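Below you'll find the structure, written out as structure tokens, and then a few comments.
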């Protein structure tokens, strides 16, 4: 339970965070956590059938690699010989302590866990979801995807191996220390960031690509062009290698908002922070990865590592750059003019923490940051003609309030894509060793998820935002998990955030003209409300209120299915010349389904549309059906089912969905 009356939830794990900024929320509603033994993947269950007001999640994991990632080409014996033959005491010490030079040294820092994780933009896999890039402490850079299922994560590409194979270091056998240092620093990745999906802006920049920038230990910035959907290593291409400085990078970020120059070239803006304190901004041509212009934002090499970079376009020609330096939050405003960059304003604020900032997030005018001593801060950034200012206030919640004997550390905070929910990753602190030791033997890592607190005077604004997002037909519900979960949580509190939508319940004749997305929200609303209707298990009389609610739920469901099938058939009709046998089978199954449930649609506007489609499509011969389990011939039986000789029986609507996913012509409409 979260503070201030706002419902929240907590998930505990017997793991430890492996880096700062360790929790990331994807654009399709999934949360990733970088831990010492695995990456945790959490997907919010926004089902209306939940019997509690707090949120619940489906949790999966990607285990860390057990063997260490050794790109040096040396085994342990060769490395020991190199160490013994090195005369300089300084170089010997560097070999013993620098894990980058040889991961096989047992006295070096641990390789376990992940240095950073990063979600791609939507469209990364075949079903339009995000893929995950992971970077371990031993510099193994991998791409993961759920492929055709939502539950199984599989490796798509090993970019660290691919980079080695395409580098000058592939076939070398030199073993001197200086050569080894140059080689390993060139191959070792430290940070990474994605651009947004590239859209059609000119003939050479088409939809379905994104750039993953990787910052290397020697200062190089490597740009990978990732073709969407990314299904194998063949979809990953080395686009460009940039060299700005030999300093080690500590953070990298993109603005996620490309602009088009007068020449028609699409450019995006990349910021790179370094361990010596510098921060540089570069505009990059998304077509070939070339540099358009550069600007040094923070030139003072103060040895305060720049971390937690975050960028946001605040107007058509102004870019806001935020980053942390220990306990300081820095803000820079940059003027953009046809790809060129000019610094307008800069400011900073000292955060009230005894340690350092661990994450910075700024979405939809909401600024959140976390600190290592377990504090959260909420605020805003104001930009005027006179300058930029940062307003921060400590955000007290149940999980960040500390007592003298019980305190925690916060390793990251992030906002959902639609800025409805927040998540914070907490871990036990050593402030009180007895408490720390007790927690370490239990589950020391906690993830807290809760809605962004909205004061009572902000409720009307929240209602407008929820209704606006529901009416937005370009965003499917699968990209609005946080919106629907916030909607459900407030319904449990007796507050309807979308009255303009839910009022359609009393007007069934309008259901056939409403967008399918709106109809799905209506059904969601009815199911959630139905769970709140009091029921007496000892009563022999039927509950009229329950019966009416369930009747409306079934009515809305029938309208949704009928509308979906008719819309899909109209898509098939427009592409009939390209229909394959599987497409015809899908079409036939949908027509049979509508014939089987003809009575439900006789007096509706769908009936006339369906008759027109039947005449246009004509007779489709699909007498030979195949079992989707074993592939053998199946026959249509009673109750609209398919059965094969092996005894497999399933509904033909299931067959339709399976074949639709395999079809190259049929488009499954999602809302």
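A short reminder: the numbers here are calculations on the coordinates, not readings from a lab. Only a predicted model underlies this, so the values are computations on that prediction, with no experimental measurement involved. Positions of Cβ are backbone-derived with ideal geometry, glycine not excepted, and every protein chain shown enters the neighbour counts.
Some points to look at:
- Cα centroid separation - segment 332-346 against segment 221-240, whole Å: 30
- A simple spin-label model places pseudo-atoms 7 Å from Cα toward Cβ; at residue 175 and residue 632 they are separated by 6.2 nm.
- Kirkwood hydrodynamic radius over Cα pairs of segment 330-401, then Stokes diffusion coefficient at 4 °C and 1.567 mPa s, in µm²/s: 95
- Each of 399, 323 has some number of other Cβ atoms within 10 Å of its Cβ, and from fewest to most they run 399, 323.
- Extension gain for residue 365 to residue 288 (0.36 nm times residue separation, less C-alpha to C-alpha distance): 24.4 nm.
- Extension reserve of the residue 316-residue 646 stretch, reckoned as 0.36 nm per residue once the Cα distance is removed: 112.5 nm
- Fewest-first sequence of 373, 482 by Cβ atoms within 10 Å of each Cβ: 373, 482
- Global geometry of segment 233-351, whether rounded, prolate or oblate, following the gyration tensor of its Cα atoms and the 1.5 cut on a/c: oblate
- For segment 457-532, the relative contact order works out to 35 percent when only alpha carbon pairs closer than 8 Å and six or more residues apart are counted.
- Förster-model FRET efficiency, 35 Å R0, residue 495 and residue 262, C-beta, rounded to 0.05: 0.10
- Order of 492, 511, 25 - criterion: other Cβ atoms within 10 Å of each residue's Cβ, fewest first: 492, 511, 25
- FRET efficiency, 1/(1 + (r/R0)^6) with R0 51 Å, evaluated for residue 54 and residue 86 via beta carbons: 0.30
- Where labels lie 7 Å past Cα in the beta-carbon direction, separation of residue 78 and residue 473 in nm: 6.2
- The calculated FRET efficiency for the pair residue 96 and residue 350, based on their C-beta separation and a Förster distance of 25 Å, comes to about 0.10.
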